[in-house]
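Some notes on the structure that comes next.
The values are calculated or read from the model by the stated rules, or taken from the named source; none is laboratory data. Quick caveat: nothing in here was measured; it's all calculated off a predicted structure. Neighbour counts run over all protein chains shown; Cβ positions are idealised from the backbone, glycine included. Accessible surface is based on the protein model in full, side chains and every heavy atom, while ligands, DNA and RNA are left aside. Shrake-Rupley method; radii C 1.70, N 1.55, O 1.52, S 1.80 Å.
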Amino acid sequence: MYSNEEYLLQLLQEAGLISDKVIATARGMKKPHESLLEAMIKTGAVSDEQIAQTVAVNSGMEFIDLHGYTANPEMKTIVPQEVARRYKVAPLGMNGSTLQIAVPDPYDFETLDALPHVLQPDIEFFCATPSLIRSLLSNLYGNEQDIADTIFKGAGMGEGAAGANDAPIIRLVTNTLMEGFKNRASDIHIEPLEKDVRVRYRIDGVLHDVEHHPKRLLSPIISRIKIMTGSMNIDEKRVPQDGRIQIAFQDKELDLRVSMIPTNHGESVVMRILDKSSLRLGLADLGFLSDDQENFEKMLSLPDGIILVTGPTGSGKTTTLYACLHFLNRPDRKIITVEDPVEYPLAGINPVLVKEDVGKTFAAALRSMLRQAPNIIMIGEIRDLETASIAINAALTGHLVFSTLHTNDAPSAVARLSDIGIKPFLIASAVRAIMAQRLVRKLCNDCKVPGALSEKEMRALRIDATQAMEASVMGPVGCNRCRKAGFRGRLAIIEILKMEDDVRAMVNQELTTPQIRKRARELGMRTLREDGVRKVLAGMTTAEEVVEATMSDAE
């Protein structure tokens, strides 16, 4: 109940409120879970009000009698329930710009130091009895409950998850998450600006400004999210933090990867929504047309070698790799993944989390997992020579290896591996296929209408008049289902480089990327832009989307 019980006992004796005999009697009657002071209060030897007044006088903090006190309901938006419960303090009101708070123990310096960081800098503290603080908390927030029940971890989060008795800040954060899920957001951004707090959703790759809140709500919102992760330090505001929230929503299992970083105007939060239902996507769902799907599935059936997926951050590489693993996942195969962090736990697959702070690097994890005799390995990303070398050796010793690289197109991956330090003959021997991809918005099937290509678009995409006449070009309109955007969902445009004999010979000869690219195209490789053109002509997306996504296409 109090941080320094022995010191308080001494103060009470000096004030003449208790004696050695009273202390000895209380020790004999004290239950295992009780403190000595609690036992004294229970026996009537001293009241909690006498203790609080004595402590207040000796600490120099003003005592306040909370009998009959009614807190302003607006305090619930300034001091979140979880903060009040955690620190056992009660918000009293505002005196100008100063927040007034009642605390039970003026000598609990950890709480006194933490609250100005958690809530706001200007706080005036008062000392009150613990029992009346608890009573005030119940009146203000409702009966005390297990806060874990309100953070939805492992629990259903349906339409009525935020009840009428929840603190407004809990309902605010809950509604922000729920609306993000309903609107198919991939990321939720909570950003402190100079005068307010902006909330944005990234939907189909585009950020949408959805809400603005008063700046005073930033600290309670941040505290709420930190508590929901169960791992972030609510008191720490000076360094970046990462965490995870697990939620069940509308029969879906969702993970939120939470990233928090300090800015000039306060802590900024990005919550990336990982929808586990995407694990069940087939290659056709990702945007593969039938011929590409057939070719890629043949590559997936190979017994060994490396298959690489390349593209910038946010181009859907991880989703594609998991679709591959879902395709290959059978009881007779052992599949192990090495990731940082583990994006999607998948039944039947053994994920290994990289923890570089304890020496568990990609390379160290790979060396260990090879002793587990896997058939198939997925490496989140090839970042350095050590990881690349182990992946190459694994491929050459009978394992099928999947991984990602950050390159603009498929042929550039050869040069990237060479720059990392892999010998050309090893690249030629181990790599089976390289696929580059980008994501473009998909036209909403409920409202798209027949459209036409402008001359400028036809020139950019090298579409002739005959192709345009024979195509099923469609354009966006906008409806309630797609939020008036005209687009709903995204699909991949892809470029697949198969390591055929001619390409292997060119890699061995250390020919340039343009030379490899030219020969690959002669052998039938379609570029990203060419695959995008096929999807424009099929009415799946628009010319504008493809042009924007393939600006780096050399052709």
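Please give the Cα centre distance for the stretch 165-220 versus the stretch 289-330, rounded to the nearest Å.
Computed from Cα coordinates, the inter-centre distance equals 34 Å.
What do you get for the angle between helix 385-396 and the principal long axis of the chain? Use alpha-carbon atoms, 0 to 90 degrees, nearest ten.
That helix lies at roughly 50 degrees to the long axis.
Roughly how many Å² is the accessible area per residue of the stretch 468-516, as a whole number, for a 1.4 Å probe?
Heavy-atom SASA per residue in the stretch 468-516 reads 54 Å².
What number comes out for the charge environment of His213, summing +1 per Lys or Arg and -1 per Asp or Glu over other residues with Cβ under 10 Å away? Could you put the intermediate results ahead of the total?
Details: positive: Arg198, Lys215, Arg216; negative: Asp196, Glu211.
Once all neighbours under 10 Å are counted, the net charge is +1.
What pairs in Lys226/Lys334; Lys498/Lys535; Lys182/Lys226 have C-alpha atoms more than 30 Å from each other? Don't jump to the answer; show the numbers that get you there.
Values: Lys226/Lys334 36 Å; Lys498/Lys535 21 Å; Lys182/Lys226 23 Å.
Among Lys226/Lys334; Lys498/Lys535; Lys182/Lys226, the Cα-Cα distance tops 30 Å for Lys226/Lys334.
Between Asp501 and Asp242, what's the calculated FRET efficiency when r is the beta-carbon distance and R0 is 51 Å? Round to 0.05.
Working from the Cβ atoms, E equals 0.65.
Lys and Arg at +1, Asp and Glu at -1: add these up for the other residues within a Cβ distance under 13 Å of Phe296 and post the number.
-2
In debye to the nearest 20, how big a dipole does the chain give about its Cα centre with +1 on each Lys and Arg Cβ and -1 on each Asp and Glu Cβ?
Working: 65 positive and 74 negative charges, 312 e Å.
Using only the charged Cβ atoms, the result is roughly 1500 debye.
What value, in deg cm²/dmol to 500, does the helix sum -39500 (n - 2.57) over DSSP H runs of n ≥ 4 give at 222 nm once divided by the residues of the chain?
-11000 deg cm²/dmol
How large is the accessible surface per residue of the stretch 25-122, computed with a 1.4 Å probe and reported in Å² as a whole number?
Values: 4760 Å² over 98 residues.
Normalised by residue count, the accessible surface of the stretch 25-122 is 49 Å².
Under 20 Å from a point placed 7 Å out from the Cα of Cys479 along the Cα-to-Cβ direction: which residues of the stretch 173-204 have their backbone N that close?
182-185, 204, by backbone N distance to the label point.
Using only Cα atoms, find the angle between the long axis of helix 317-328 and the longest principal axis of the chain, and express it within 0 to 90 degrees, rounded to the nearest 10.
70
Where Lys and Arg each count +1 and Asp and Glu each count -1, what net charge lies around Ser315 among other residues with Cβ under 11 Å from its Cβ?
Details: positive: Lys317, Arg438, Arg490; negative: none.
Once positives and negatives cancel, what remains is +3.
For Val449 and Ser290, calculate 0.36 nm times their separation in residues minus their Cα-Cα distance, and state this gained length in nm to one decimal. Numbers along the way, then the final one.
Values: separation 159, 0.36 × 159 = 57.24 nm, distance 2.38 nm.
Net length gain for the segment: 54.9 nm.
Taking the Cα-to-Cβ direction at Thr70 and at Met458 and moving 7 Å from each Cα, how far apart do the two end points lie in nm?
7.6
Treat each spin label as a single point 7 Å out from the Cα along the C-beta direction, and report the Ser131 to Glu194 distance in nm.
Placing both labels 7 Å beyond Cα along the Cβ direction yields 5.3 nm.
With a 1.4 Å probe and all protein chains left in place, how much of the accessible area of the chain comes from carbon and sulfur atoms, in whole percent?
Numbers: 12260 of 25790 Å².
Ligands and nucleic acids excluded, carbon and sulfur give 48 percent.
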